[in-house]
Each structure stands twice: as structure tokens, then as C-alpha cells.
Amino acid sequence: GALTSYIVGACALLFILEITSALGAGGSNGFEALMNVPAEILFQMGARSGIMIGRGEWWRLFVPVFLHGGILHILFNGMALVQVGPLAEQAYGRSRFLIIFIVSGVMGNVLGVFLNDPRGVGIGASGALFGLIGAAGLYGHRRGDTFGLMIRRVMVQWGLYALVFGFLMHADNAAHIGGLVSGVVLSFLVGDAERHSPLDRIW
């Protein structure tokens with residue numbers, strides 16, 4: 001889907017900016033920056049920080065959705081988004097899809113603020129990705145036909161892949177849970193492209 005492509009493109013452009021900033025700051029070579037972007041660079045670019053959010057920098061709940069900590073991180077999330085995003089776009093339409101993606105990412109960061117060390121930084125699209133997985137999987141389950149069951153199967157598979165990858169990478173499970181729960185709740189609130197909801201006038 002078009003929105004999925006824009007989101008992946010935005011993540012890629014910001015990752016290039018992260019690497020450029022890391023090299024410009026010195027202290028790490030290109031390979032080191034690719035594998036593990038320095039925390040201070042991520043912080044400067046808007047990573048989630050419980051301390052700074054507590055001081056009023058609420059944009060740090062939104063911006064981190066598009067930031068990534070290394071090449072493996074962005075490659076996995078990018079591949080997952082390319083697989084999950086178009087199905088979710090088709091199921092919910094562009095406006096609903098965008099709301100699910102953004103709100104799930106933000107709510108994942110909100111839960112991450114409460115459950116993680118406020119001195120640390122958090123980044124990544126995986127909370128928003130889990131929101132899409134939950135919403136699209138529920139859509140497929142509700143639909144119940146061959147296409148719907150295929151969507152549900154794909155979402156379960158990617159959910160398991162993301163959990164395993166997150167475990168191996170010591171990812172922010174609080175953000176994953178917050179995103180998944182948000183996606184499921186939003187699935188009921190917004191309706192899908194074929195089903196009316198109380199919020200239809202907004203769309």
C-alpha cells in the first residue's frame with residue numbers, strides 16, 4: 001500500500017540521518033554506527049526518554065516510532081511492515097490504517113515510559129507494527145472466509161517472528177504489548193473498510 005511505502009521510506013531516511021549524525025559526531029566508525037547507533041544520537045533525534053517526557057517533551061512519544069537502533073532493527077521492522085502494512089491498509093482503508101499505526105506506536109511508548117527505566121531511551125516501529133498485527137489479525141478472524149483466514153495466519157506468523165526477534169534483540173516488550181492491545185481496541189472502535197462504526201463520520 002502507498003502509506004506503508006511512505007512509512008518505510010520515512011524510517012529509512014531517518015536511519016540514514018542517524019548514521020550521518022553518528023559519523024559526524026565521531027567516536028564510532030561506519031560499521032559500528034550501522035550495527036548500533038549511539039544512544040546520544042538517538043536521544044538528540046527524539047528517542048523516548050521518560051525523564052524528558054516528564055519535563056513536557058511529549059513529542060518523544062511519537063517521533064521514536066520512526067527511529068531505529070541499528071541495521072538489523074530497521075531491516076526486520078521494514079520487512080514486517082512491507083508484509084503486514086498492505087494487508088492492514090486493504091482491511092481498514094488509509095485513514096483508519098494511519099490512525100491504528102500512529103496511536104498504537106504512541107500507546108506502546110506510553111506503556112514503555114511507565115515500565116522501563118526512565119533514564120534509558122526507546123525507539124522503533126515495533127509497537128506500531130504490533131498494533132497493525134493485532135488489528136489486521138482481528139479483522140481476518142471476524143471476516144472468517146478464505147481471505148480473512150489467510151490474513152489471520154500471516155498476522156500470527158509475523159507476531160511470533162517479532163516476539164522471537166524482540167527476545168533475541170532484548171527489545172522493549174512493554175511497547176510491544178501496548179501496541180498490540182491498542183491495535184485490538186482500535187479495531188473495534190474504528191471499524192474496517194466494509195463495516196460501520198460509531199466513528200464513521202470522522203473517516
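The values are calculated or read from the model by the stated rules, or taken from the named source; none is laboratory data. What you see is a predicted model, and the numbers here were worked out from it, not measured in a lab. Heads up, the Cβs are rebuilt from the backbone with ideal geometry, glycines too, and the neighbour counts pull from every protein chain shown. Protein only, heavy atoms only, side chains kept; ligands, DNA and RNA dropped before computing areas. Shrake-Rupley method; radii C 1.70, N 1.55, O 1.52, S 1.80 Å.
The distance between label points at Leu149 and Ala39 comes to 4.8 nm (points 7 Å beyond Cα on the Cα→Cβ vector).
Sorting the Cα pairs of region 1-84 by distance into bins of 10 Å, from 0 upward, gives 18, 45, 31, 6 percent per bin. The stretch between Leu163 and Ile16 holds 50.3 nm of extra length on full extension. This uses 0.36 nm per residue minus the Cα-Cα distance.
Its relative contact order, with pairs defined as Cα atoms under 8 Å and 6+ residues apart, puts the chain at 23 percent. So if R0 is 22 Å, what FRET efficiency would Trp58 and Leu115 give, r being the distance between their Cβ atoms, rounded to the nearest 0.05? My answer for the efficiency is 0.75. For region 178-183, backbone phi angles converted through the Karplus equation (6.51, -1.76, 1.60; θ = phi - 60°) give residue-by-residue couplings of x, x, 5, 4, 4, x Hz, Gly and Pro being listed as x. Sorting the segments 32-38, 67-73, 102-108 by their residues' average number of neighbouring beta-carbon atoms within 10 angstrom, most packed first, yields 102-108, 67-73, 32-38. Helix 126-143 and the longest principal axis of the Cα set of the chain meet at an angle near 10°.
Counting protein heavy atoms only, region 55-197 has 70 percent of its accessible area on carbon and sulfur, 1.4 angstrom probe. Dividing the mean sequence gap of close Cα pairs (under 8 Å, 6+ apart) by how many residues region 79-157 holds gives a relative contact order of 33 percent. Largest GNM mean-square fluctuation among Gly24, Gly179, Gly144, using the chain with Cα springs under 10 Å: Gly24.
Principal-axis analysis of the Cα atoms of the chain puts helix 2-25 at an angle of about 10° to the longest axis.
Comparing the chain with the 2.2 N^0.38 Å rule of thumb, its C-alpha radius of gyration ratio is 1.02 (two decimals). Legend: residues Asp145, Asp192, sorted from most to least accessible area (1.4 Å probe; ligands, DNA and RNA excluded), read Asp145, Asp192.
Kirkwood-type hydrodynamic radius, region 107-192: 13.2 Å, calculated from all non-identical alpha-carbon pairs. Surface analysis of the chain yields an accessible area of 50 Å² per residue, using protein heavy atoms and a 1.4 Å probe. With a 1.4 Å probe rolled over the protein heavy atoms of all chains, the accessible area of Thr4, Thr146, Thr20 falls in the order Thr146, Thr20, Thr4, largest first. Here the calculated FRET efficiency for Ile51 and Val156, from their Cβ-Cβ distance with R0 = 35 Å, stands at 0.45, rounded to the nearest 0.05. For the chain, the Cβ-based charge dipole about the Cα centre amounts to some 440 debye (Lys, Arg positive; Asp, Glu negative; other atoms uncharged).
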